[in-house]
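Nothing in this text is a laboratory measurement; each read-out follows from the coordinates by a stated rule. Keep in mind it's a predicted model, so treat the numbers as computed, not measured. Don't worry about glycine lacking a Cβ; one is built from the backbone with ideal geometry, like all the others, and counts go over all protein chains shown.
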Amino acid sequence: MPESTQEFPDISYDSYRNKGNLLGHYTQSTNFYSPISDFCTEDNIPECILYLNQEAASLGFPAVQPDPEGGDGGLDVDVVSLLNSMYALLERHHRVLRALDQLEAERLRSVGDMQRQQLSQGRLKDQLEITKRENARLQEEKGSCS
């Protein structure tokens, strides 16, 4: 394999989780401004396919290329599988964004509810203090009238 395979080592899902994002490692090591536009070049296509196959497998998607190392050495990419996986990832991303929006709206409602409860609690404490003073004053008047 070419030298660039060191940038995309063969990793399992567990080691991926423990070591962090390999794509982040790749872009940090090469100091690219835009990681997506420079992820794959003519020189590292097999390594990119290997990486994408590993990531797809860790997410439960089919491989982009069944065996990037085997066969005639050509790029037999399964375009239908690739497009279906891309679509599924986009749909998953949209669901996550909707869920985040819903969680943010719920958080804002909770913050508003908490603020109303705190205001209500403050008013009730003030009212309780006024009632205690009024009771103490009435007790004094009752005691002085006896």
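Taking every Cα-Cα distance in the range 78-146 and sorting them into 5 Å bins starting at zero, the pair-distance distribution P(r) comes out as 3, 13, 8, 10, 7, 7, 7, 6, 7, 5, 5, 4, 4, 3, 3, 2, 2, 1, 1, 0 percent.
List C48, C145, C40 from most exposed to least, where exposure is judged by having the fewest other Cβ atoms within 10 Å. Walk me through the numbers before you get to the answer.
Details: C48 20, C145 6, C40 14.
In order of increasing Cβ crowding within 10 Å: C145, C40, C48.
Look at where the Cα atoms of the range 90-118 and of the range 50-66 average out, and the two centres are 32 Å apart.
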